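Please treat every number below as a calculation from the coordinates, not as lab data. Since the model is a prediction, treat every value here as computed from it, not as a measurement. Here the Cβ positions follow ideal geometry from the backbone for every residue, glycine too, while neighbour counts run over all protein chains shown.
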Amino acid sequence: MRRPALRATGLVLAAALVGGGGAAVAATGPVPDRGADARADRPASSAMTRSAAKKSLRVATYNLSLNRATQGQLVADLSDGGNEQARTVAEVIQHVRPDVVLLNEFDHDDAGEAARLFRENYLEVPQGDAEPIEYRYAFVAPSNTGVPSGFDLNNDGTVGGGDDALGFGLFPGQYGMVVLSRYPIDADRARTFQHFRWQDMPGAALPTDPATGEAWYTDEELDALPLSSKSHWDVPVRVGHRTVHVLAAHPTPPTFDGAEDRNGRRNHDEIRFWADYVTGGRHARYIYDDDGRRGGLHRGASFVILGDYNADPADGDSYDGAIHQLLDNRRIQDPAPRSEGAVEAAELQGGANESHTGDPALDTADFADTAPGNLRADYTLPSRNLRIRDAGVFWPTQDDPLSRLTGTYPFPSSDHRLVWVDLKP
């Protein structure tokens with residue numbers, strides 16, 4: 001079948017309007033970062049030394065749940081500095097102080113206004129007892145979430161709603177993402193894969209209807225259906241003389257479907273995409289980006305895979321060892337970030353956590369205790385040519401004063417925790 005026309009204009013438009021920066025990158029004015037050498041809390045609130053902080057590149061991922069039910073609501077909520085949830089997640093970021101951070105579940109708007117407002121009204125303003133932090137560079141681009149497909153993708157007999165969008169969402173851009181960086185982003189070399197079609201992945205785990213054995217999606221639906229439920233981004237960040245590729249994504253949860261497991265299979269292949277991309281060579285020949293460029297990452301490139309991948313290596317509903325496609329990849333290393341707060345939460349909450357076989361210290365998300373329980377869903381996975389200095393999950397124990405930032409359900413910030421890794425650049 002003919003590959004659909006590729007479109008990349010949304011990236012340039014959306015990103016160029018954030019703070020008036022160049023294509024795909026936004027730069028605010030040079031405001032001094034008053035907290036550049038402030039302490040960065042470990043999960044138990046221990047501090048890095050000033051010298052260690054200067055020698056490390058701290059990269060993080062944070063699903064901060066800044067999604068809203070209606071289009072434009074996030075911009076309205078961030079228009080001043082008074083939104084409590086935004087203040088709380090901003091304080092988490094200020095305490096951990098990553099140099100580069102991927103924000104998941106941050107609603108996209110074409111003007112990039114929400115990203116600008118979050119930086120100016122929250123991150124660059126002291127929250128609680130934390131110091132402000134400035135990110136001069138931001139990468140934003142459209143998401144497949146909430147984009148109407150025009151098809152009955154969930155086969156319920158009607159067309160419309162979140163389940164029939166190209167990626168689940170009630171409006172275009174819901175559950176989007178943003179990369180913030182204190183180092184320059186190389187906009188000209190950035191790649192997005194929003195429109196790569198699922199069917200164009202060789203051996204794709206496409207679903208079948210268990211009642212009939214026939215393909216779940218029609219040929220017409222597959223012609224329109226992308227692999228990415230949001231998007232996949234390769235965002236090159238220049239750190240001194242070295243480039244580190246931030247590989248950002250947020251695969252769909254492997255739930256909210258039926259026996260056909262269409263979401264579980266899509267989650268699996270969204271994760272596989274990065275495994276093939278970083279392996280490169282013949283494994284990545286099928287890949288094309290939104291500008292029509294083919295192939296994966298060149299051998300020897302440095303990268304960090306970031307995001308909420310909605311897949312635990314031991315527990316939960318993942319399809320066919322989904323996250324092991326990354327954890328077992330020879331080009332990737334797992335820093336296995338841990339926290340004492342996750343162990344404490346699993347013990348206190350019980351329920352589904354009692355039947356888990358994975359190490360609770362690695363959990364990054366506090367989910368319902370009946371099912372699926374707390375899971376490791378969020379990852380910071382560097383290439384093997386980067387040296388890991390340290391890693392952790394911001395999940396303080398209840399006797400830590402900073403536990404007010406994570407809390408218990410209903411959470412003051414998010415049901416996910418910020419995950420970070422320190423690298424020798």
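The computed Cα extents along the principal axes in Å for the structure shown corresponds, within [x] 54, 47, 44; [y] 59, 50, 43; [z] 65, 52, 40, to [y]. Could you please report the charge total around L326, scoring K, R as +1 and D, E as -1 over all other residues with beta-carbon less than 10 angstrom from its beta-carbon? Summing Lys/Arg as +1 and Asp/Glu as -1 gives 0.
Counting neighbouring Cβ atoms within 10 Å and putting the fewest first, the residues E221, E105 line up as E221, E105. Between T158 and R294, full extension at 0.36 nm per residue minus the direct alpha carbon distance yields a gain of 45.3 nm. The residue among G296, L123, G351 whose Cα reaches farthest toward the positive pole of the charge dipole of the chain, with charges on the beta-carbon of Lys, Arg, Asp and Glu, is G296. Taking Cβ atoms as reference points and 13 Å as the exclusive limit, the residues near T158 contribute a net charge of -4, counting Lys and Arg as +1 and Asp and Glu as -1. Sorted ascending by nearby beta carbons within 10 Å, beginning with the fewest, M177, M201 become M201, M177.
Per-residue Karplus couplings for region 174-185, computed as 6.51 cos²θ - 1.76 cosθ + 1.60 with θ equal to phi - 60°, are listed in order as 4, 6, x, 8, 9, 10, 10, 9, 8, 10, x, 9 Hz, Gly and Pro entered as x. Assuming charge only on the beta carbon of Lys and Arg (+1) and of Asp and Glu (-1), the dipole of region 9-424 about its Cα centre is about 2500 debye to the nearest 20. Other residues lying with their Cβ under 13 Å from the Cβ of T357 contribute a combined charge of -4, Lys and Arg counting +1, Asp and Glu -1. Put in order of Cβ neighbour count within 10 Å, fewest first, the listed residues Y183, Y309 become Y183, Y309. Projecting the Cα positions of I287, S79, V235 onto the charge dipole of region 9-424 (unit charges on Cβ atoms of Lys, Arg, Asp and Glu, taken about the Cα centre) puts V235 furthest along the positive direction. Across the options L375, P412, H108, the greatest Cα extent toward the positive end of the charge dipole of the chain (unit charges at beta carbon of Lys, Arg, Asp, Glu) belongs to H108. Computed over the chain, the per-residue total of -39500 (n - 2.57) for DSSP H runs of n ≥ 4 gives a 222 nm mean residue ellipticity of -5000 deg cm²/dmol, rounded to 500. Listed values for region 137-144 are Karplus-derived 3J(HN,Hα) couplings in whole Hz (6.51 cos²θ - 1.76 cosθ + 1.60, θ = phi - 60°), namely 10, 9, 10, 9, 7, x, 10, 6, and x replaces Gly and Pro. Label-to-label distance, D188 versus K424, with points set 7 angstrom from Cα along the beta-carbon direction: 3.1 nm. The phi torsions of region 300-310, fed into the Karplus equation with coefficients 6.51, -1.76 and 1.60 and a -60° offset, translate into couplings of x, 5, 8, 8, 9, 7, 10, x, 8, 9, 6 Hz, rounded to whole numbers, with Gly and Pro shown as x.
The magnitude of the dipole of region 200-326, with charges of +1 and -1 set on the Cβ of Lys/Arg and Asp/Glu and taken from the Cα centre, is near 1040 debye.
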